1. Could you grab the relative contact order for the chain? Cα pairs under 8 Å, six or more apart, rounded to a whole percent.
2. For the range 202-276, give the magnitude of the charge dipole about the Cα centre (Cβ charges: +1 Lys/Arg, -1 Asp/Glu; no others), in debye to the nearest 20.
3. What number, rounded to the nearest 500 deg cm²/dmol, is the helix-based mean residue ellipticity at 222 nm of the chain, given -39500 (n - 2.57) per DSSP H run of at least four residues and division by all its residues?
4. Of the options 172, 99, 26, report the single residue whose Cα projects farthest towards the positive end of the charge dipole of the chain (beta-carbon charges: Lys, Arg +1; Asp, Glu -1).
5. Checking the cross-link filter: which aspartates and glutamates have an alpha carbon closer than 14 Å to that of residue 25, excluding same-chain neighbours under 8 positions apart?
6. Starting with the highest mean, order 213-220, 144-151 by the number of other Cβ atoms within 10 Å, averaged over the residues of each peptide.
7. Tell me which DSSP H helices of the chain clear both cut-offs, 24 Å or more of axial length from alpha-carbon atoms and a mean Kyte-Doolittle hydropathy of at least 1.6.
8. Hey, could you get me the Stokes-Einstein D for the range 203-276, Kirkwood radius over alpha-carbon pairs, 10 °C and 1.306 mPa s, rounded to whole µm² s⁻¹?
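All of the numbers you see were taken from the coordinates with simple rules; none came from a lab. Note that the coordinates shown come from a computational prediction; the quantities given were computed from them, not determined experimentally. Positions of Cβ are generated from backbone atoms using ideal geometry, with glycine treated the same way; all protein chains shown enter the neighbour counts.
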Amino acid sequence: MTCYLRAGELQQAGIPVFPLIAGSKIPLKGSHGVRDASTDAHHLEQWFMRGECNFGIALEPVHLLVLDLDRNHQAGADGIANFMQFRQERGLTDFTLGNTYTEKTPNEGLHAFFSYPAHLKLKAKVGFLPGVDILTVSTIMAPSQVNGRPYTIVNGTLNAVAPAPRWLLEVVSATPLPAEQVTESDWGVGRRQAKFRGGKADSFLNRVFDGCGHGERNNWVASVVGSLLASGTREEVAYHLIHLFNREFVTPALAENEVNQIFKSILGRHVRRYGR
């Protein structure tokens with residue numbers, strides 16, 4: 001797939017894109033990088049009229065962040081190895097990049113994408129670890145190429161991005177997270193025996209009733225499905241609930257077949273890891 005077609009797909013999904021010079025991360029001449037990010041197909045056509053371009057996406061409008069693990073770093077750091085060591089030392093054994101949309105970079109690094117609650121304000125964290133950055137503003141996207149080597153999709157889809165765990169949000173949140181601020185990863189996504197209890201149930205119900213609008217719908221549905229399954233909700237019950245929630249709290253509601261696709265994707269991931 002070309003960058004033009006891929007960028008168009010993301011625009012249709014409500015994700016703002018912006019042009020970069022072919023083969024680089026530099027904004028296209030006459031453009032202003034992420035400040036020009038748009039979901040307007042007319043803009044995309046104008047950018048690509050002069051030939052193939054690379055492209056990036058704006059992360060903040062769609063509430064995404066990227067864990068950037070660099071390899072062959074100019075300082076010699078191996079971001080993947082350093083992050084795996086950090087994960088082991090912190091006891092984050094439940095955290096795996098295989099549960100979310102991930103791209104491989106031209107230098108054999110990884111970009112792992114996570115969603116976060118819309119009310120949070122984040123700041124990028126450069127040098128979180130040697131060779132590890134956390135991106136919150138923008139990122140280059142597959143199939144863009146740098147130095148003749150492409151970014152490639154390794155796992156998942158952007159319409160089923162895993163929610164960021166609390167420890168990751170604490171690193172990039174512009175203000176301290178309140179004690180009751182609980183993310184899905186804290187209270188059970190990926191944990192078969194997790195239970196809704198106390199403030200955690202309240203947090204989930206508040207998130208459902210808050211709903212979401214255009215540009216957030218796919219991530220919201222995926223997140224709610226994951227939360228339901230992780231709490232021990234039976235598959236058939238979770239299926240009916242997510243269709244009900246979509247009709248009542250998503251504006252405009254996703255098409256039924258889109259909800260089915262997201263549900264199937266999240267259920268498959270859950271079953272592969274924990275069984276039925």
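1. Working: 494 pairs, mean separation 45.1, N = 276.
This gives 16 percent for the chain.
2. Details: 9 positive and 8 negative charges, 83 e Å.
For this selection, approximately 400 debye.
3. Values: 9 runs with 101 residues, N = 276.
Value at 222 nm, helices only: -11000 deg cm²/dmol.
4. 99
5. Excluding near neighbours in sequence, the set is 52.
6. On the way: 213-220: 19.6, 144-151: 15.2.
With the highest mean Cβ count within 10 Å placed first, the list reads 213-220, 144-151.
7. Values: long enough: 256-274 (26 Å, -0.87).
Helix filter hits for the chain: none.
8. Working: Rh = 12.2 Å.
The diffusion coefficient I find is 130 µm²/s.
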